[in-house]
Amino acid sequence: MGLEIVVKDIQVGAQAEVSRIKAEADAKASEIINEAKEIQKKMLGDSLAKVEEDLQKVHQQVISSANLEVKRITLNKRKELLDKVYNNTVESIKSMPASKNEELLKYVIDKYEASGARVYSSKDSEETVRKLTKLTYAGNINCIGGIVLESEDGTIRLDFTYDSILKNVYERSLKQISDILYG
């Protein structure tokens, strides 16, 4: 019977050792699980913060892009309107009464005739210009009205066409026109 007691003592000791090892393993596993949960929470928090930051950036980019698009559309509409005003002005000049055109041509010729030797005009104004000046009529130019005076040697040209006068006035007044139209 002595052997049975020894075997039983060994079994009890082994059982105690197994219980102790199992308790340590459970404690270690619980510690590892808790650490993993903490790491997972931190990673999830970091991921959420990163996603939120990325979302803010995308949101800001969308707003900036939309604002730029609105500005582009607004500027295009303003340009369209300014072009329309310019074209309406050109049409008004083209439809100016012949008497008013003759009056303007007479004024320019009287004032600047001494600066030139030759004169050019539109085909529509040729007869009027020939009647108003003693300068050599040098031919027709493509314009809506007005004249071009040229020196004898052709080195000096004074452009008094309505096209160039309108363009010059328009470019100088563009900001003022824009301020009047858009505040």
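When you look at Glu103, is it in the same structural domain as Glu150 (by TED's automatic domain parsing), at pLDDT below 90 and acidic (Asp, Glu), yes or no? Can you show your working first?
Numbers: in the same structural domain as Glu150 (by TED's automatic domain parsing): yes; at pLDDT below 90: no; acidic (Asp, Glu): yes.
No, not satisfied.
Yes or no, residue by residue, for (1) over 19 Å from Val90 (Cα atoms); (2) in a strand (DSSP E or B):
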{"residue": "Glu113", "(1), (2)": "yes, no"}
{"residue": "Glu126", "(1), (2)": "yes, no"}
{"residue": "Val129", "(1), (2)": "yes, no"}
{"residue": "Gly139", "(1), (2)": "yes, yes"}
{"residue": "Cys143", "(1), (2)": "no, no"}
{"residue": "Val148", "(1), (2)": "no, yes"}
{"residue": "Phe160", "(1), (2)": "no, yes"}
Worksheet item: Is it true that Leu75 is of a type in the set (A, V, I, L, M, F, W, C), surrounded by 10 or more Cβ atoms within 10 Å (Cβ to Cβ), under 30 Å from Ser178 (Cα atoms) and under 21 Å from the mean Cα position of the chain (by Cα)?
Response: yes
Fill in: So Leu3, is it exposed (fewer than 10 other Cβ atoms within 10 Å of the Cβ), part of a helix (DSSP H, G or I) and free of Cβ contacts under 8 Å to residues at least 40 places away in the same chain
yes
Fill in: Of all residues making up the range 138-153, the number that are loosely packed, with under 14 Cβ neighbours inside 10 Å and either among the hydroxyl-bearing types (Ser, Thr, Tyr) or touching a residue at least 24 places away in the same chain (Cβ under 8 Å) (or both)
2
Worksheet, complete the sentence: Per the list (1) assigned to a helix (DSSP H, G or I); (2) in contact with an Asp or Glu (Cβ under 9 Å, 6 or more places away or on another chain), residue check on Val70 breaks on (2)
Worksheet item: Among the residues of the range 93-123, how many are more than 14 Å from Leu149 (Cβ to Cβ) and either of a type in the set (A, V, I, L, M, F, W, C) or in contact (Cβ under 8 Å) with a residue 60 or more places away in the chain (or both)?
Response: 4
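The values are calculated or read from the model by the stated rules, or taken from the named source; none is laboratory data. None of the values given here were measured: they were computed from a predicted structure. Every residue, glycine among them, receives a Cβ derived from its backbone with ideal geometry; neighbour counts consider all protein chains shown.
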